[in-house]
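Notes follow once the structure below has been shown.
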Amino acid sequence: MSRIQTQQKILDAAESLFAETGFNDTSLRQITSRAEVNLAAVNYHFGSKKALIQAVLQRYLKVVMPRLEHQFEVLLARQKPTQLPEVLAVFVQPLLELEQIKRQGTTLFLQLLGRGYTDVQGHLRKFISHHYGSVLNKFVLLVQQSCPGLDAAEIFWRLHFSLGTVVFTMASSEALFDIAAADYHQQADIESVIRRLLPYLAAGIAAPVIYPEQLNSMAQAAS
């Protein structure tokens, strides 16, 4: 077996296990067993479990991020605020192109990205920031321009709420497809779900800020 074939077997095994059980609950022994290689092969090709996790995500990031950066640069070059739905729409095609890497590639990528947060993989955040910080900064700048009433902290929270929504939706997409077909006679796929998400996310990100004292006043008025 060639070096590249061995690497691919390890990456494929790690990816499927990480998506199924998470980063924390997947051991190198489980990965080597599924990949049918020895532990020395993992250490030789990747060096550590953290490096293997990063390599699994990198297979998708290296496809998605350059495409996103190009589109963000096009929007920023206009030198005028872009509407938030148009900013979010930039994600559609790059994400769908992940289906060309492998079947359910879009869903797998977003599940793995979500695992990076729920399993508290701080090294992944550093890895993504180091390699793709400029892409993320361009995206945040476009959001700031389209939502001038939100400060940096509020945008941080709302973007992470949005990521949580996307990850949960993708993780349960097969079940959602079945429910939509059985209860509402609708045929759905990944693209239709992503496009349904966009106006919902845009409305949530751009919603007026309601501060705690305002919530208290509203609660008192309702009681």
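The values are calculated or read from the model by the stated rules, or taken from the named source; none is laboratory data. If you're wondering where the values come from, they're calculated on a predicted model, not measured in any experiment. Here Cβ is always computed from backbone atoms with ideal geometry, including for glycine, and neighbour counts include all displayed protein chains. Only protein heavy atoms, including side chains, enter the accessible area calculation; ligands, DNA and RNA are left aside. Shrake-Rupley method; radii C 1.70, N 1.55, O 1.52, S 1.80 Å.
Values for this structure:
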| quantity | calculated |
| --- | --- |
| Residue-normalised accessible area of the chain, given per residue in Å² at a 1.4 Å probe | 58 |
| Estimated 222 nm signal from helices in the chain, with DSSP H stretches of n ≥ 4 weighted -39500 (n - 2.57), rounded to 500 | -25000 deg cm²/dmol |
| Net charge over other residues, Cβ less than 13 angstrom from the Cβ of M65 (K, R count +1; D, E count -1) | +1 |
| Trypsin sites (Lys or Arg not before Pro) restricted to DSSP loop in segment 64-159 with at most 12 other C-beta within 10 Å | R78, R103 |
| ³J(HN,Hα), Karplus 6.51/-1.76/1.60, whole Hz, each residue of segment 64-77, x for Gly, Pro | 6, 5, x, 5, 4, 4, 4, 5, 5, 5, 4, 5, 5, 5 |
| Calculated from backbone phi, Karplus (6.51, -1.76, 1.60) coupling profile of segment 14-25 in Hz, x at Gly/Pro | 5, 4, 5, 5, 4, 5, 6, 10, x, 6, 5, 8 |
| Lysine pairs with alpha-carbon atoms under 23 Å apart, the chain, spacing 8 or more or separate chains | 15 |
| In order through segment 146-151: 3J(HN,Hα) via Karplus (6.51 cos²θ - 1.76 cosθ + 1.60), integer Hz, x for Gly, Pro | 7, 10, x, x, 9, 7 |
| Read-out Rg and Dmax of the Cα atoms in Å, derived from the coordinates shown; its label in [x] 20.0, 71; [y] 18.4, 55; [z] 19.5, 75 | [x] |
| Whole-percent carbon and sulfur share, accessible surface of the chain, 1.4 Å | 56 |
| Sequence-separation-based contact order of segment 58-207, relative, with Cα cut under 8 Å and 6+ spacing, percent | 31 |
